[in-house]
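The values are calculated or read from the model by the stated rules, or taken from the named source; none is laboratory data. Treat the numbers as computed from the prediction; the structure is a model and nothing was measured. Quick reminder, even Gly has a Cβ in these numbers, built from the backbone with ideal geometry, and neighbours come from all protein chains shown.
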Amino acid sequence: MKTIYMLLFTTISFSLKCQIIETQKCKNENNIAISEQELYSSDKEFQEKYRASQIIIPTVIHVLWYTYDENITDEKIFEQLDELNNCFNATNNDIQNVPNEFKKRIGNANITFCIVPNGIIRKQTFVNEIGIKDSDVFFSNNGGDDAWNTDSFCNIYITNTGKYIAGYGIYPWAKTKQVNGIVVHPKYIGINTNTHFNLGRILVHEMGHYLGLYHTWKDDNDCNTDDGIEDTPIQEHAYYNKPFYPQNSCGTSNMFMNFMDYVDDNSMYFFTQKQTEKMQKTVSTEYPNWLFNKLDNCALYSSNKIPFYVFPNPVSDILEIKIPYSSFRIIDISIHDITGKILFMQNENNVEKIKINVQNFTKGIYFLTVGNTSQKFIKY
Ligand SMILES: [Zn+2]
């Protein structure tokens, strides 16, 4: 009886788990194509010059609690972030469990999530199970907490999502600028005692959706539709609990141990190469700022240095400056020449891109200072 109950519970919880994100699929594909084209035509040169191989994603954690036990500790959050980063860098301990036939398809997303300064927000809510509705959780006025600028920050909400929803990740193109992020129930965060989801992989799975991945079986319980990823075999349905290997449907050996299936945390081990490419592509189309961080391992957020990019250099007339994470501070911007003479000075708040006309500067070397960081540029 207990087994049947658990199975039933699991089935219900998973059928609801991703309900919110699964809307507007057809429209999505078109949106990707357009924004990608726009980005590459306008900023191609900039991208080629500055794109980093490791993508650093500035992350904000909103702990929205109703009961005291939902106000989980910083340690639990860091433990979860470690696991998230392991799974997105193919360094999770259990990756060796990938069956031999799929080992060559293991992908490394090369994505690291870093909590920004003051980026753990704790707030009591008076709405029980507020996480069920994204129309509440993303809005302070409805008892939730407003997301930080979703173009610049990945917003993760840790809050009660009710009995039947473990969490959900919203496709970047599915909702609005205000409703964009991931919501996970606090009981599934970090290493925990839950029977099925005890390793923090609910967030890994939902992050996959947030970065554009569909379920491996594409939700339809037949063999006609695919997730659009070349190296995940076509599969009829979801898998639950701890399936024995192998499992077959649609004439293939099914990759049920993929992070984008519904198996238990200790039975899912990897993203494929094509899935990781899709996630990187989603970053370049939806969150292009994140491509330009060159520092690894969250060092960006443990120092006061403000990353910025100057383009073109050398320059003849218009100097363009990109400051990807300016939105949480006021920044002084100045230019001086080699004698120390100041030729430009301005302070900016919440600006990610500014242009300065240097046409009238004489030829030579100049120093651009943004906050407490300087870079040299050449006027020709
Ligand atoms: Zn899902």
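For the residues G162, G200, G190, the requirement of being under 25 Å from K274 (Cα atoms) and small (G, A, S) singles out G200. Does region 238-249 include one or more residues that are under 30 Å from P58 (Cβ atoms), in a loop (DSSP other than H, G, I, E, B), among the hydrophobic types (A, V, I, L, M, F, W, C) and in contact (Cβ under 8 Å) with a residue 60 or more places away in the chain? Looking through region 238-249, none of the residues is under 30 Å from P58 (Cβ atoms), in a loop (DSSP other than H, G, I, E, B), among the hydrophobic types (A, V, I, L, M, F, W, C) and in contact (Cβ under 8 Å) with a residue 60 or more places away in the chain. You will find that of V179, V204, V184, the residue that is among the aliphatic types (A, V, I, L, M), in contact with a strand residue (DSSP E or B) (Cβ under 9 Å, 6 or more places away or on another chain) and assigned by TED's automatic domain parsing to the domain that holds F113 is V184 and no other.
Of the strands (runs of 3 or more DSSP E) lying entirely inside region 153-231, those carrying at least 1 residues that are of a type in the set (S, T, Y) and within 15 Å of the ligand (Cβ to nearest atom) are 167-169.
All told, F139 falls short of being loosely packed, with under 14 Cβ neighbours inside 10 Å and not charged (D, E, K, R). Please tell me if T193 is closer than 22 Å to D74 by Cβ and touching a strand residue (DSSP E or B) at 6+ places or on another chain (Cβ under 6 Å). The answer is no for T193. The condition of being within 29 Å of T285 (Cβ to Cβ), at pLDDT 95 or above and under 14 Å from the mean Cα position of the chain (by Cα) does not hold for I229. For region 250-260, a tally of residues being away from the ligand (no atom under 13 Å from the Cβ) and part of a loop (DSSP other than H, G, I, E, B) returns 6. Of the residues making up region 153-171, none is under 22 Å from the mean Cα position of the chain (by Cα) and among the charged types (D, E, K, R). Taken together, Q235, Q275, Q247 contain a single residue that is over 22 Å from the mean Cα position of the chain (by Cα) and either within 16 Å of the ligand (Cβ to nearest atom) or outside the structural domain of N149 (by TED's automatic domain parsing) (or both), which is Q235. The set of residues from region 119-151 being free of Cβ contacts under 8 Å to residues at least 60 places away in the same chain, of a type in the set (K, R) and closer than 13 Å to Y66 by Cβ comprises just one member, R122. A Cβ distance below 7 Å, combined with a sequence gap of six or more or placement on separate chains, defines the contacts here; from region 163-191, residues that are without any contact (Cβ under 8 Å) to a residue 40 or more places away in the chain and charged (D, E, K, R) reach residues that are more than 12 Å from the ligand (Cβ to nearest atom) and part of a loop (DSSP other than H, G, I, E, B) in the pairs K177/T150; K187/N194. In region 358-380, the residue that is nearest to the chain's Cα centre (by Cα) out of those that are more than 16 Å from K341 (Cα to Cα) and exposed (fewer than 14 other Cβ atoms within 10 Å of the Cβ) is N372. All conditions in (1) surrounded by 21 or more Cβ atoms within 10 Å (Cβ to Cβ); (2) over 15 Å from the mean Cα position of the chain (by Cα); (3) of a type in the set (S, T, N, Q); (4) modelled with pLDDT under 95 hold for T125, with the sole exception of (4).
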